[in-house]
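To keep things clear, I will list the structure first and then write my remarks on it.
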Amino acid sequence: MEQLLSSHPGPIGIFDSGYGGLTILKEIREAMPGYDYIYLGDNARTPYGSRSFEVVYEFTLQAVRRLFTEGCHLIILACNTASAKALRTIQMNDLPHIDPNRRVLGVIRPTVESIGTLTHNGHVGVLATAGTVRSCSYPMEIHKLFPEITVSQEACPMWVPLVENNEAENSGTDYFIDKHLQNLTQKDPDIDTLILGCTHYPLLLPKIKQHLPPHIQVVAQGEYVADSLKDYLNRHPEIDRQCTKSGKCTFYTTEAEDKFIESASIFLHQEITVQRITLE
């Protein structure tokens with residue numbers, strides 16, 4: 001496969017195991033509307049959060065290889081689980097053999113880099129899927145940059161299904177929001193900054209804010225990932241030159257097209273066309 005990769009510039013690839021990465025894509029496109037993008041959702045095999053490191057790595061590498069064959073030189077893993085469980089291995093072990101000039105980036109590091117300027121007292125909370133919490137990726141990355149910060153985590157297994165079933169604004173969702181926020185603030189009552197460590201969670205932001213004290217600020221990833229990507233391309237003009245710029249966005253899914261279109265509308269609030277593909 002490596003020999004078949006085109007050296008011509010191509011779109012920026014955005015990969016997620018499901019639909020949450022569309023919140024990242026939306027922010028990136030708003031910040032950088034002139035670029036071309038391919039969004040690939042492995043919706044047939046979602047969720048990744050409960051899967052092993054080995055399986056998440058295998059599935060993510062399949063998606064990365066597919067996006068490379070589609071012409072992408074730069075890929076964003078717009079999935080916290082893939083960023084936590086697969087990114088480092090792909091960067092260190094696979095890219096040198098596939099093409100050392102291509103890049104795969106994640107969503108955890110850009111989010112973490114923002115924390116130092118946001119927290120006032122050094123107490124940070126993380127809300128995420130069970131898989132991301134178990135990986136301890138956020139505490140590890142935060143402590144690399146800010147060893148003095150105290151990090152507490154809370155897994156929220158019901159939040160993704162609520163979003164994907166279009167229940168984000170319904171009253172029954174309040175119970176699950178309040179339950180996990182109470183659990184987290186009981187672990188550390190001094191939390192003043194809260195990371196939404198799952199790309200679905202921004203759709204729950206209005207309700208999250210209703211159940212939080214006003215002094216706790218919430219960090220949704222999309223804005224920080226978009227700013228970080230813009231800065232990255234400014235600092236790496238050799239990568240920027242490999243990104244085509246005509247404002248086009250293409251969507252691929254491993255699920256049925258009609259199901260993807262219906263669910264994507266929850267995240268993007270626009271009509272799209274999508275093509276079904278198979279990853280292997």
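The values are calculated or read from the model by the stated rules, or taken from the named source; none is laboratory data. Quantities reported herein were computed from a predicted structural model and do not represent experimental measurements. Reconstructed Cβ throughout: ideal geometry from the backbone, glycine too, with neighbour counts over all protein chains shown. With ligands, DNA and RNA removed, areas are computed over all heavy atoms of the protein, side chains included. Shrake-Rupley method; radii C 1.70, N 1.55, O 1.52, S 1.80 Å.
Observations on the model:
To keep it simple, each residue is scored yes or no on (1) of a type in the set (F, W, Y); (2) more than 20 Å from the chain's Cα centre (by Cα); (3) under 16 Å from A84 (Cβ atoms).
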position: T132; (1), (2), (3): no, no, yes
position: C136; (1), (2), (3): no, no, yes
position: P139; (1), (2), (3): no, no, yes
position: F146; (1), (2), (3): yes, yes, no
position: E154; (1), (2), (3): no, no, yes
position: W159; (1), (2), (3): yes, no, no
position: A168; (1), (2), (3): no, no, no
position: T173; (1), (2), (3): no, yes, no
position: K179; (1), (2), (3): no, yes, no
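- Of the residues making up region 115-136, those that are within 23 Å of G49 (Cβ to Cβ), assigned to a helix (DSSP H, G or I) and open to solvent by 10 Å² or more (accessible area, probe 1.4 Å) number 4.
- Unique match (being open to solvent by 50 Å² or more (accessible area, probe 1.4 Å) and either within 30 Å of S6 (Cα to Cα) or touching a helix residue (DSSP H, G or I) at 6+ places or on another chain (Cβ under 6 Å) (or both)) among N183, N165, N170, N101: N101
- Conditions (1) aliphatic (A, V, I, L, M); (2) closer than 19 Å to I115 by Cβ; (3) touching a strand residue (DSSP E or B) at 6+ places or on another chain (Cβ under 7 Å); number of the one not met by I239: (2)
- Listed by first and then second residue, the pairs linking a residue in region 187-205 that is in contact (Cβ under 8 Å) with a residue 24 or more places away in the chain and within 15 Å of G125 (Cβ to Cβ) to a residue that is crowded, with 24+ Cβ neighbours inside 10 Å and of a type in the set (S, T, N, Q), with Cβ atoms under 7 Å apart and 6 or more places separating them unless they lie on different chains, are I195/T111; L196/Q221; G197/N80; G197/T132; C198/N80; C198/T129; C198/T132.
- Any hit, region 169-183, residues being out of contact with any strand residue (DSSP E or B) (no Cβ under 9 Å at 6 or more places or on another chain), assigned to a helix (DSSP H, G or I) and modelled with pLDDT under 95: no
- Cβ-Cβ under 8 Å pairs, at least 6 apart or on other chains, region 7-30 side on the phi < 0 side of the Ramachandran plot, far side open to solvent by 10 Å² or more (accessible area, probe 1.4 Å) and of a type in the set (K, R): P9/R241; P11/K248; S17/R45
- Number of the exception - S114 against (1) at pLDDT below 95; (2) farther than 21 Å from I24 by Cα: (2)
- Among the residues making up region 56-72, a single one is closer than 13 Å to R102 by Cβ and of a type in the set (D, E): E70.
- Verdict on I277 being under 24 Å from I108 (Cα atoms) and either within 18 Å of the chain's Cα centre (by Cα) or modelled with pLDDT of 95 or more (or both): no
- Search result, residues across region 199-221 that are open to solvent by 10 Å² or more (accessible area, probe 1.4 Å) and touching a helix residue (DSSP H, G or I) at 6+ places or on another chain (Cβ under 7 Å): H200, P202, L203, K207, H211, L212, Q217, V218, A220
- Condition check for L118 on (1) closer than 23 Å to L194 by Cβ; (2) within 17 Å of the chain's Cα centre (by Cα): one failure, at (2).
- Filtering region 232-254 to residues that are farther than 15 Å from I14 by Cα and either among the polar types (S, T, N, Q) or touching a Lys or Arg at 6+ places or on another chain (Cβ under 7 Å) (or both) leaves N234, I239, Q242, S246.
- Among the residues of region 18-46, those identified as open to solvent by 50 Å² or more (accessible area, probe 1.4 Å) and closer than 24 Å to E223 by Cβ are K26, E27, R29, E30, P33.
- Residues that are in contact with a strand residue (DSSP E or B) (Cβ under 6 Å, 6 or more places away or on another chain) and among the acidic types (D, E) are absent from region 212-234 altogether.
- The single condition from (1) free of Cβ contacts under 8 Å to residues at least 12 places away in the same chain; (2) in a loop (DSSP other than H, G, I, E, B) that M140 fails is (2).
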